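Shown next, in structure tokens, is the structure this report addresses.
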Amino acid sequence: MDVATALDRLPKVELHCHVEGTMRPGTVVELAARNGIPLPSADPTELYRYTSLDTFLQVFWLVQSTLGSREDWARLAYESVVDGAAHGLVYRETFFTPARHLAAGQDLADIVAGLAEGLEAGERETGARVLLICDIDRAYGGQAGLELIERLVELRRADAPGTERVIGIGLDSTEHGVDPTQFADAFALAEREGLRRTSHQGEETPASYIEAGLDVLGCERIDHGLSSLQDPELCKRLADQRIPLTVCPNSNVLIANAVPRLELHPYRRMREAGLLATLNTDDPALTDLDLGLEYASAHRAFDFTWDDMVRIAVDGVEATWLDDDAKRSLTARVEKEGAELGTAIQS
């Protein structure tokens, strides 16, 4: 067995993946036709060309716009689980960003219920498990973010279908020109209600934005976090406190163009600095990726050993929001199967 095949089979978790970014190209075309959304091309792969995070977001928003009903969200969620599990995914905490759909008149209750329905179907088929993180879209501002979390809290208190899967909130979309502290009230409400908290910081912004995510928003994880290496004190804090960074190396190259080539990505330096830096795909369908390819490309680009890759997978488990018993069980599975796959590589 070669290393790439073994990495594809290695049990893996994922903590930075947008469910909308898992939409199959064929599904984009079908849902666009069903919902009357014009596409610039009948071949959606022609859309997937980006020069920056902001130009990527224009395509991401177009893909989002094809989700017009609860049934559409269910189909998306189901396919995301099936496609992820085919490449070793066993557990995921996945983002969904409903702001544009709510502005268009959809109900958050229907979105969450549809996602939950699709995830459950995918779980039954694959054995993988997926929970949800409700992302605030920076572009809509702090008040809209607060209103989103207020509605989520209302649904959770009413035990609305699917809300038990929503375990946390996040903050995504464009980083440029948006002060993350304007979302402090939304994050404070989430904390009071027992929701976990993360936010996209430091992909295209300085280390001070990561600090704002931690100190103002109360985040327990940081998504991307590339600029952490620019601040030695922050880097030491992140390492000492084992604050997870959900890093997406290929996405940083292909989407944000934050790094010109994968070999130049700071991921290895992040790991060598003691950071709890996990591996994730971000928007795999839009970049022709999967979690197995993410691991295999990191193995090649950063000259990691097999044991390094198993440790990265184990660190991913540590970074989850699972309880301690679930973490121990999943860690044992990763280590056991990792050892077996390592033996298969050598034989």
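Descending by average beta-carbon neighbour count within 10 Å, the peptides 283-293, 154-164 line up as 283-293, 154-164, the highest first. Computed over the chain, relative contact order equals 21 percent, with contacts defined as Cα pairs under 8 Å that lie 6+ residues apart. Residues LYS327, LYS12 ordered from highest to lowest accessible area at a 1.4 Å probe: LYS327, LYS12.
Going by accessible surface with a 1.4 Å probe and the largest first, TRP73, TRP306 read TRP306, TRP73. Looking at region 254-304, the trypsin sites (Lys or Arg not before Pro) that sit in a DSSP loop and have at most 11 other Cβ atoms within 10 Å of their own Cβ are ARG261. Starting from the 7 Å offset along Cα-to-Cβ, what nm value, one decimal, do you get for the label separation of ASP323 and ALA188? So the label points at ASP323 and ALA188 sit 3.1 nm apart. Evaluated over the Cα positions of region 1-145, the convex hull gives a direction-averaged projected area, one quarter of its surface, of 9.7 nm². Note on region 60-165: Rg/Rh from Cα positions, Kirkwood definition for Rh, rounded to two decimals, is 0.97.
Using a probe of 1.4 Å, the accessible surface attributed to SER80 totals some 10 Å² when neighbouring protein chains are kept in position.
Counting only aspartates and glutamates at least 8 places from LYS236 when in the same chain, those with an alpha carbon closer than 18 Å to its own are GLU211, ASP215, GLU220, ASP223, GLU272, ASP315.
Heavy-atom accessible surface of THR94, to the nearest 10 Å², is about 0 Å², with a 1.4 Å probe and all protein chains retained. Per residue, the average separation of C-alpha pairs within less than 8 Å and at least 6 apart gives region 259-347 a relative contact order of 24 percent. Is the chain best put as rounded, prolate or oblate by its Cα gyration tensor, with a ≥ b ≥ c the root eigenvalues, rounded for a/c under 1.5, and otherwise prolate when a/b is larger than b/c, oblate when not? Rounded shape, in that the Cα axes give a/c under 1.5. The charge dipole of the chain, taken about its Cα centre with unit charges on the Cβ atoms of Lys, Arg (+1), Asp and Glu (-1) only, comes to about 300 debye. Selection among ILE222, HIS299, PRO260 by position relative to the dipole of the chain gives HIS299 as farthest towards the positive end (Cβ unit charges, Cα centre).
Each eigenvalue of the Cα gyration tensor of region 200-347, multiplied by 5 and square-rooted, gives one semi-axis; in descending order these are 25, 19, 14 Å. Placing unit charges on each Cβ (+1 for Lys and Arg, -1 for Asp and Glu) gives the chain a dipole about its Cα centre, and among LEU148, ALA285, GLN106 the Cα reaching farthest toward its positive end belongs to ALA285.
The values are calculated or read from the model by the stated rules, or taken from the named source; none is laboratory data. Here the structure is a predicted model, which is why all the values come from computation and not from measurement. Methodologically, a virtual Cβ is constructed for each residue, glycine included, from the backbone with ideal geometry; neighbour enumeration extends over all protein chains shown. Calculation scope for accessible area: heavy atoms of the full protein, side chains included, ligands and nucleic acids excluded. Shrake-Rupley method; radii C 1.70, N 1.55, O 1.52, S 1.80 Å.
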